[in-house]
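Shown next, in structure tokens, is the structure this report addresses.
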Amino acid sequence: NIGVDKKRDPKKEKDWARVEIRAYKDGVIVEKNTHLGDWVDPANYGTPMYRIADLSKVQVWIKPAEEYLPVLQDFLNKPGAPALKWDIMLQADPKAPPLDGALVRIGPSLDPNEHTPLLVGLVNNPNGKLLIGQFVTATIYVPVEKGLVEIPTSALNEQKGQSVIFI
């Protein structure tokens, strides 16, 4: 068979170095680090070709005013305390029903520029309505302490710089 010219298959020659790559789970491509025609070295694990994320549940970062920190820490640091519930409203769609979730943790430091703590929580995102980097507003439900009384602001009377209530 030496010297006999076999039929060549141009498609096979073109695709000889191509490999099909399949993700190990479903998701959305959130980062792409390669392009058509790029050479990829499978032995180099430095930068992944793609990053795939499951966006059915997303992490939400909230930066409240620093004065809320002691109240939130009191509830999160109690042993056996349940996760604080919160509702997330989309600023892009204020008429949409709130998305429910739970506060998971408080970041270990304050943002040096805004001087705010970072609250981290999870929110279900079944319809993919929340996008990464989107602005949201959160309402955190802190359990009411026993013996706490709520009064309307209109019941307060200012007398010489102090708030007074008549019962």
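The values are calculated or read from the model by the stated rules, or taken from the named source; none is laboratory data. Model, not experiment: these values are computed from the prediction. FYI the Cβ positions are ideal-geometry reconstructions off the backbone, even for glycines, and counts take in every protein chain you see. Each accessible area value is taken on the protein alone, full model and side chains, heavy atoms only, with ligands, DNA and RNA left out. Shrake-Rupley method; radii C 1.70, N 1.55, O 1.52, S 1.80 Å.
Extent along the principal axes, Cα only, for the stretch 70-130: 33, 33, 17 Å, with the longest axis given first. With all protein chains kept in place, the per residue accessible area of the stretch 93-167 amounts to 80 square angstrom at a probe of 1.4 angstrom. The ellipsoid equivalent to the alpha-carbon distribution of the chain has semi-axes of 58, 16, 15 angstrom, derived from the gyration tensor eigenvalues as √(5λ) and listed largest first. Near residue 65: Cβ cut-off under 14 Å, other residues only, Lys/Arg at +1 and Asp/Glu at -1. The net charge is -3. Sequence-distant contacts, meaning Cα pairs under 8 Å at least 6 residues apart, place the relative contact order of the stretch 1-159 at 21 percent. Per residue, the convex hull around the alpha carbon atoms of the stretch 108-164 comes to 231 Å³. Comparing 104, 73, 61 along the charge dipole axis of the stretch 55-122, the residue lying farthest to the positive side is 104, per the Cβ-charge model. Straight Cα distances below 29 angstrom link residue 14 to the lysines 6, 32, with same-chain residues fewer than 8 positions distant left out.
For residue 25, go through the lysines and keep the ones whose alpha-carbon is under 19 Å away, minus same-chain ones fewer than eight residues off. The qualifying lysines are 57. Considering only 49, 116, 130, and ranking their Cα positions along the charge dipole of the chain that arises from unit charges at the beta-carbon of Lys, Arg, Asp and Glu, the one farthest toward the positive end is 49.
Using the Cβ-Cβ distance between residue 148 and residue 33 with R0 = 35 Å, the FRET efficiency computed as 1/(1 + (r/R0)^6) comes to roughly 0.10.
Residues 114, 20, ordered by accessible area of protein heavy atoms at a 1.4 angstrom probe radius and largest first, appear as 20, 114.
Per residue, the stretch 30-71 exposes 83 Å² of solvent-accessible protein surface, assessed with a 1.4 angstrom probe and all protein chains in place.
The apolar share of the surface of the chain, taken as the fraction of accessible area on carbon and sulfur atoms (1.4 Å probe, ligands and nucleic acids excluded), comes to 55 percent. When the trypsin sites (Lys or Arg not before Pro) in the stretch 109-167 are filtered for DSSP coil states and for at most 10 other beta-carbon atoms within 10 Å of their beta-carbon, the remaining sites are 146, 160. In this structure residue 66 has an accessible area near 70 Å², from a 1.4 Å probe over the protein heavy atoms. Applying 1/(1 + (r/R0)^6) with R0 = 22 Å to the Cβ-Cβ distance of residue 159 and residue 67 gives a FRET efficiency near 0.35. Assuming a ≥ b ≥ c are the square roots of the Cα gyration tensor eigenvalues, decide whether the stretch 1-84 counts as rounded (a/c under 1.5), prolate (otherwise, with a/b larger than b/c) or oblate. It is prolate, given that a/c is not under 1.5 and a/b is the larger ratio. Computed from point charges on the beta carbon alone (+1 for Lys and Arg, -1 for Asp and Glu), the dipole magnitude for the stretch 27-157 about its Cα centre is near 300 Debye.
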